[in-house]
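S.K.: Here it is: the structure, laid out below.
The values are calculated or read from the model by the stated rules, or taken from the named source; none is laboratory data. The structure displayed is predicted, hence computed values, not measured ones. Virtual Cβ from ideal backbone geometry, glycine too; neighbours counted across all protein chains shown.
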Amino acid sequence: MKRIIVVGGGAGGLELVTKLGHKLGKRGEAEVILVDRSRTHIWKPLLHEVATGSLDINTDGINYRAHSARHYYQYQLGTMIGMDAESKSIELEALLDEEGHEILPVRSLSYDILVLAVGSVSNDFGTPGVKENCYFLDSHKQAERFQQALLNQFLRVHQTSGNDAKLKLAIVGAGATGVELAAELNHVADLLKAYGMRNMSSRRMEVSLIEAGGRILPALPERIALLARKELSRLGVKVSEDTRIVRATDQGFLTADENTIEADLMVWAAGVKAPDFIKNIEGLETNRANQILVKQNLQATQLETVYVIGDCCACELADGKFVPPRAQSAHQMASLVGDNIVASFTDKPLKEFKYNDHGSLVNLSRYSTVGSLMGNLSSKSMFVEGRIARFVYVSLYRMHQIAIHGWIKALLIMSVKRISKAVKPKMKLH
């Protein structure tokens, strides 16, 4: 029996093992294994909500082990640190408990087909002090760590006598994550009044959003960026464009103009790259962002038994650009690779990847949602905002839920979620 290993249980990886589990694992045609460093899945575009407490990983996350039992694949907890293409095996680092005691030693897993879906991590571009003083939002654990620090800072400001004390937050990187986080922070600050912190509100918080480029949301159409900037300014977010950070300290950020942006909490969301261990694997061609170069069928350029999907994949389009690192890209790649792996079992030809840009949406918490739809499905993009945009934004997550749960269970989960809103706090308070 062939063994298929998928490394990384993000949006694309989890959808892929679910599909392969039902297509091949259920019938006993292949052993499908998911390897992930976490026990729980959360849709990455929602990590800013985990960071503010708007989303609780304990109730909204998906346990890999429970999910695997229902969808005919196996799950192994582990972190990939290496690969041997010649022996067709991957190496997982030793698994330690919270006290540093070894649970499992360094181990290797052999494969017949390997899919790398290891995602991306924040790129600090070697900026001094960033690793030591900033929070990142690459995983739900990092998001939860920030949320705990945020609650502590809210408590400090609330109990400080007088209304002059303010919580200062600085976010570097005005892509979708930075913009959505800035808006969500204002929302949760106002929510605290309903939970005993009567002295706390968004007026006692200063949020600075810092972008090195000429405008926020540089990867999205300018019209979306302008409306998002207008909404952020209305919320009191201080937006600084053309501002390059050269150092981070425990007091804040130092700019290239030698100005200091003071902050109690600092978040780094400026740029992404594939994990560093990727560039050290022999047989994989990578670019400057550590992404793995692939052929049009999403196989690694030099290894036919290795597929690559998601943020760590460098797939060149016809116009010379590369597929952007978005959830919709991972979804489309997972669908194609799933079809190609199934086709390879019967020696059918492999399909080539064609990226369909369905548009971009930015959700500014409860205040607004803006974006463009259709992408290259028509000659022009269709601009949307307000309730229609919010509906489409939520629908993207619903599609992900359907892909990993199936229609019936996904609808049940959605119904339970709506009911729970009536009895649960609107934010995580612990």
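S.K.: Within the range 197-258, which strands (runs of 3 or more DSSP E) (wholly inside it) include 1 or more residues that are surrounded by 14 or more Cβ atoms within 10 Å (Cβ to Cβ) and under 22 Å from the mean Cα position of the chain (by Cα)?
M.R.: On the way: elements: 205-210, 238-240, 245-249, 252-255.
In the range 197-258, the matching strands (runs of 3 or more DSSP E) lie at 205-210.
S.K.: Among the listed residues Leu34, Leu16, Leu47, Leu55, which satisfies the condition of being touching a helix residue (DSSP H, G or I) at 6+ places or on another chain (Cβ under 6 Å), assigned to a loop (DSSP other than H, G, I, E, B), in contact (Cβ under 8 Å) with a residue 24 or more places away in the chain and outside the structural domain of Ser202 (by TED's automatic domain parsing)?
M.R.: Going through Leu34, Leu16, Leu47, Leu55 in turn, just one is touching a helix residue (DSSP H, G or I) at 6+ places or on another chain (Cβ under 6 Å), assigned to a loop (DSSP other than H, G, I, E, B), in contact (Cβ under 8 Å) with a residue 24 or more places away in the chain and outside the structural domain of Ser202 (by TED's automatic domain parsing): Leu55.
S.K.: Let me ask something else about it. Could you figure out which of (1) under 23 Å from Gln328 (Cα atoms); (2) touching a strand residue (DSSP E or B) at 6+ places or on another chain (Cβ under 6 Å); (3) not aromatic (Phe, Trp, Tyr) isn't true of Arg65?
M.R.: (1)
S.K.: Given the condition over 22 Å from the mean Cα position of the chain (by Cα), more than 22 Å from Lys428 (Cβ to Cβ) and not hydroxyl-bearing (Ser, Thr, Tyr), answer yes or no: does some residue in the range 46-68 qualify?
M.R.: We begin by selecting, within the range 46-68, every residue over 22 Å from the mean Cα position of the chain (by Cα); these are none.
Scanning the range 46-68 turns up no residue that is over 22 Å from the mean Cα position of the chain (by Cα), more than 22 Å from Lys428 (Cβ to Cβ) and not hydroxyl-bearing (Ser, Thr, Tyr).
S.K.: Can you run down the residue pairs with Cβ atoms below 6 Å, 6 or more apart or on separate chains, where the first is in the range 103-114 and farther than 12 Å from Gln76 by Cβ and the partner is aliphatic (A, V, I, L, M) and part of a loop (DSSP other than H, G, I, E, B)?
M.R.: From the range 103-114, the pairs are Pro105/Ala94; Val106/Ala94.
S.K.: Looking at the range 185-194, is at least one residue at negative phi, at pLDDT 95 or above and charged (D, E, K, R)?
M.R.: Within the range 185-194, none of the residues are at negative phi, at pLDDT 95 or above and charged (D, E, K, R).
S.K.: Considering each of His67, His158 in turn, give the residue that is crowded, with 19+ Cβ neighbours inside 10 Å and outside any loop (DSSP other than H, G, I, E, B). Talk me through it step by step, then tell me what you get.
M.R.: Values: His158 fails: crowded, with 19+ Cβ neighbours inside 10 Å.
Result: His67 is the single residue among His67, His158 that is crowded, with 19+ Cβ neighbours inside 10 Å and outside any loop (DSSP other than H, G, I, E, B).
S.K.: Touching a Leu at 6+ places or on another chain (Cβ under 8 Å), modelled with pLDDT under 95 and closer than 28 Å to Asn280 by Cα: does that describe Leu55? Don't jump to the end; show me each part of the working.
M.R.: Working: touching a Leu at 6+ places or on another chain (Cβ under 8 Å): yes; modelled with pLDDT under 95: yes; closer than 28 Å to Asn280 by Cα: no.
So Leu55 does not fit the description; no.
S.K.: Filter the range 72-119 down to residues that are of a type in the set (Asp, Glu), in a loop (DSSP other than H, G, I, E, B) and within 15 Å of Thr305 (Cα to Cα), then give me how many there are.
M.R.: Going through the range 72-119, the residues of a type in the set (Asp, Glu) turn out to be 84, 86, 91, 93, 97-99, 102, 112.
Still in the running and in a loop (DSSP other than H, G, I, E, B): 86, 93, 97-99, 112.
From the residues that got through so far, the ones that are within 15 Å of Thr305 (Cα to Cα) too are 86, 112.
Of the residues in the range 72-119, 2 are of a type in the set (Asp, Glu), in a loop (DSSP other than H, G, I, E, B) and within 15 Å of Thr305 (Cα to Cα).
S.K.: Could you please find all residues in the range 95-125 being of a type in the set (Gly, Ala, Ser) and more than 25 Å from the chain's Cα centre (by Cα)? Quick ask: steps written out before the conclusion?
M.R.: The first filter runs over the range 95-125 and keeps only residues of a type in the set (Gly, Ala, Ser), leaving 100, 108, 110, 117, 119-120, 122.
Passing the criteria: Gly100, Ser108, Ser110.
S.K.: Okay, moving on. With the checklist (1) touching a strand residue (DSSP E or B) at 6+ places or on another chain (Cβ under 7 Å); (2) more than 30 Å from Gly338 (Cβ to Cβ) in hand, flag the one item Arg156 doesn't pass.
M.R.: Every listed condition holds for Arg156 apart from (1).
S.K.: Are there any pairs, at least 6 apart or on different chains, whose C-beta atoms fall under 6 Å, with the first in the range 387-410 and not assigned by TED's automatic domain parsing to the domain that holds Asn363 and the second surrounded by 14 or more Cβ atoms within 10 Å (Cβ to Cβ) and of a type in the set (Ser, Thr, Tyr), and if so, which?
M.R.: none
S.K.: So which residues in the range 90-105 are out of contact with any Asp or Glu (no Cβ under 6 Å at 6 or more places or on another chain) and within 15 Å of Phe277 (Cβ to Cβ)?
M.R.: Within the range 90-105, Ile90, Glu91, Leu92, Glu93 qualify.
S.K.: Continuing with the same structure: Taking the residues in the range 104-127 that are touching a Cys at 6+ places or on another chain (Cβ under 8 Å) and small (Gly, Ala, Ser) as candidates, determine which candidate is modelled with the highest pLDDT.
M.R.: Ala117
S.K.: Among the candidates Ala176, Ala189, which residue alone is under 25 Å from Gly61 (Cβ atoms), small (Gly, Ala, Ser) and touching a residue at least 40 places away in the same chain (Cβ under 8 Å)? Can you show your working first?
M.R.: Details: Ala189 fails: touching a residue at least 40 places away in the same chain (Cβ under 8 Å).
Criteria check complete, one pass: Ala176.
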